[in-house]
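Since the structure comes first, as structure tokens, the remarks are kept for the end.
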Amino acid sequence: MYACLCKGVTDAQVRAAVGAGARNVDDLSLICEAGAGCGGCHRLLARLLSGRGPTMCPEKDRTPAA
Ligand code: FES
């Protein structure tokens, strides 16, 4: 599944970046470019950074964007 459409980055790539040491969206942007575009994916990236998976109901996700 794509986690960041602007940069064509998948959730697997984001998880790999987290495994490589990414701790916030800025880190992800440097490592794999996720989040370096419009910012619409930041909420999902925050979930992935916190170890939670993507939700099928993003409108119910109250996680603050990073
Ligand atoms: S969808 Fe990730 S920066 Fe736009």
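The values are calculated or read from the model by the stated rules, or taken from the named source; none is laboratory data. Predicted model only: the values in this text are computed from it and were never measured. Using ideal geometry, Cβ is built from the backbone for each residue, glycine included, and neighbour counts are taken over all protein chains shown.
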>> Between a residue in the range 1-14 that is within 11 Å of Gly35 (Cα to Cα) and any residue that is more than 12 Å from the ligand (Cβ to nearest atom) and part of a strand (DSSP E or B), which pairs come within a Cβ distance under 7 Å, given they are 6 or more apart or on different chains?
In response: none
>> Could you check the range 8-64 and list, in sequence order, the residues that are modelled with pLDDT under 95, more than 10 Å from the chain's Cα centre (by Cα) and within 14 Å of the ligand (Cβ to nearest atom)?
In response: Pro58
> Looking at the range 11-37, which of its residues are among the small types (Gly, Ala, Ser), farther than 16 Å from Gly53 by Cβ and not in a loop (DSSP other than H, G, I, E, B)?
Replying inline: Ser29
